[in-house]
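Below you'll find the structure, written out as structure tokens, and then a few comments.
The values are calculated or read from the model by the stated rules, or taken from the named source; none is laboratory data. None of the values given here were measured: they were computed from a predicted structure. No Cβ is skipped: glycine too gets one built from the backbone with ideal geometry, and neighbour counts run over all protein chains shown. The protein model used for the area step is the full one, side chains on, heavy atoms only, and it has no ligands, DNA or RNA in it. Shrake-Rupley method; radii C 1.70, N 1.55, O 1.52, S 1.80 Å.
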Amino acid sequence: MKKIIFTIALTLGLQLSLTASAQQTEKVTLRVPNFARPLVEKWVAEYQKTNTTTDFQFVSGKSQETENSLSLTTDDDAVLVARYAVLPITTKGSEAEQLVGSHALNAKKLKALFFVKDELDDDQKEGRLERSLHVFTGNSRQSASRLYAAHFHQETVNYKGKKISGDDSYLNQAISRDPLGVTVNSLSNVFDLETRQLRQTLALLPLDVDKQGRQVLSEGRLDDILQLLEDEQYAVIPVGKVGFDYNHANPVLTGFVHWVLQNGTQYVHQYGLLSLPQKDLTAQQRRLEQKDLAQK
């Protein structure tokens, strides 16, 4: 009798052990630039409603990457999932805002304002406005300042003024302490994601765009600006892409990225990013399928 009870107990124990092993949580580390973190947090929350065995942990700094690491990056070779736009800003009611006034800034003026004059470029003329304003830019690898510089065919070392380390949200603080301060930042750092309006302390610098663009930008409603930038392209408004970099041989990571491409893009506007054009989204899905086949 004791042998029977022992055998039953051992069998149950093995079954419970196997069940626990089958349900073991997969830990995934996520490295995400702060301007996109609320969006990725939303993706994780929605994904985990039907994929409960994956545990996501956000990391920052110099945390070591592993086979279970996902990075949202602006690198060209990443699997693209969304886009982001960058606008020049100052503090509302500041001396900088008064100096700029209603003068619409075209590409040449923006280049002269933010970047050190290229001695070989006769078109880049620095006027009183450009000499008066104080430029602040981000210094991190994922800063919006990098996209802005690349858009104007500049290196980040060519920025005038001061470089601010850390998250781009610190740029808003930097210009708030300097009446002549101006900077560039992504939409999610410029707009309040709850009210969908421009943050109360900030003002957009006026840009040389068409009549529709001027009206939409002056009204300062995030959703209208997102729609505008998905419909139109402007030489004075850089739009970049973000995507996931990861080990494609890992089925857990691949499964999450597949889900994002199929289900997560519906949330990008909510968090201040732009959708990929449908043709680009389809191309990324096909690219991911090809990579998956190559790994099998």
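Does the range 43-79 hold any residues that are assigned to a loop (DSSP other than H, G, I, E, B) and among the β-branched types (Val, Ile, Thr), and which are they? Lay out the reasoning, then the answer.
Filtering the range 43-79 down to residues assigned to a loop (DSSP other than H, G, I, E, B) leaves 48-53, 60-68, 74-78.
Residues satisfying the conditions are Thr50, Thr52, Thr53, Thr66, Thr74.
Whenever a residue of the range 97-119 is under 20 Å from Gln233 (Cβ atoms), its partners that are polar (S, T, N, Q), lying with C-beta atoms within less than 6 angstrom and at least six residues away or across chains, give the pairs Lys111/Gln124.
Please verify whether Arg131 is part of a helix (DSSP H, G or I) and surrounded by 17 or more Cβ atoms within 10 Å (Cβ to Cβ), treating the condition exactly as stated. Can you show your working first?
Working: part of a helix (DSSP H, G or I): yes; surrounded by 17 or more Cβ atoms within 10 Å (Cβ to Cβ): no.
The answer is no for Arg131.
Is there a residue being of a type outside the set (Asp, Glu), open to solvent by 30 Å² or more (accessible area, probe 1.4 Å), under 30 Å from Lys279 (Cα atoms) and in contact with a Phe, Trp or Tyr (Cβ under 8 Å, 6 or more places away or on another chain) anywhere in the range 88-101? Steps first, please.
The initial filter retains those residues of the range 88-101 that are of a type outside the set (Asp, Glu), namely 88-94, 96, 98-101.
Retained after the next criterion (residues that are open to solvent by 30 Å² or more (accessible area, probe 1.4 Å)): 92-93, 98-99, 101.
Narrowing further to those that are under 30 Å from Lys279 (Cα atoms): none.
No: the range 88-101 contains no residue that is of a type outside the set (Asp, Glu), open to solvent by 30 Å² or more (accessible area, probe 1.4 Å), under 30 Å from Lys279 (Cα atoms) and in contact with a Phe, Trp or Tyr (Cβ under 8 Å, 6 or more places away or on another chain).
The residue that is least open to solvent (accessible area, probe 1.4 Å), among those in the range 71-87 that are among the small types (Gly, Ala, Ser) and at pLDDT below 95, is Ala78.
Scanning the range 29-76 for residues that are touching an Asp or Glu at 6+ places or on another chain (Cβ under 8 Å) and over 22 Å from Leu193 (Cα atoms) yields Thr29, Thr53, Thr54, Asp55, Asn68, Leu70, Ser71, Asp75. Restricting attention to the range 206-246, the residues that are open to solvent by 70 Å² or more (accessible area, probe 1.4 Å), more than 25 Å from Val79 (Cα to Cα) and either outside any loop (DSSP other than H, G, I, E, B) or touching a Phe, Trp or Tyr at 6+ places or on another chain (Cβ under 8 Å) (or both) add up to 7. Is it the case that the range 80-98 has a residue that's in contact with a Pro (Cβ under 6 Å, 6 or more places away or on another chain), more than 30 Å from Trp43 (Cβ to Cβ) and part of a loop (DSSP other than H, G, I, E, B)? Scanning the range 80-98, I find at least one residue that is in contact with a Pro (Cβ under 6 Å, 6 or more places away or on another chain), more than 30 Å from Trp43 (Cβ to Cβ) and part of a loop (DSSP other than H, G, I, E, B), so the answer is yes. State which residue pairs qualify: first residue more than 13 Å from Gly243 (Cβ to Cβ) and open to solvent by 30 Å² or more (accessible area, probe 1.4 Å) and inside the range 268-286, second residue of a type in the set (A, V, I, L, M) and assigned to a helix (DSSP H, G or I) in any location, beta carbons under 7 Å apart, and separation of 6 or more residues or different chains. Going by the 7 Å Cβ cut-off, the qualifying pairs are His269/Leu226; Tyr271/Leu39. Against the condition at pLDDT 95 or above, open to solvent by less than 10 Å² (accessible area, probe 1.4 Å) and in a helix (DSSP H, G or I), how does Val40 come out, does it pass? Spelling it out, Val40 is indeed at pLDDT 95 or above, open to solvent by less than 10 Å² (accessible area, probe 1.4 Å) and in a helix (DSSP H, G or I). Taken over the range 157-174, the criterion of being part of a helix (DSSP H, G or I), open to solvent by 60 Å² or more (accessible area, probe 1.4 Å) and farther than 17 Å from Thr201 by Cβ is satisfied by Val157 alone. Taken over the range 194-205, the criterion of being of a type outside the set (Val, Ile, Thr) and either assigned to a loop (DSSP other than H, G, I, E, B) or open to solvent by 80 Å² or more (accessible area, probe 1.4 Å) (or both) is satisfied by Glu194, Arg196, Arg199, Gln200, Leu205. Kindly indicate the residue of the range 175-188 that is over 20 Å from the mean Cα position of the chain (by Cα) and not in a loop (DSSP other than H, G, I, E, B) and also farthest from Ala112 (Cα to Cα) among those meeting that condition. Ranking the qualifying residues of the range 175-188, first place goes to Ser176. Taking only the range 145-180 into account, find how many residues are under 15 Å from Thr90 (Cα atoms) and in contact with a strand residue (DSSP E or B) (Cβ under 6 Å, 6 or more places away or on another chain). Residues meeting the conditions: 11.
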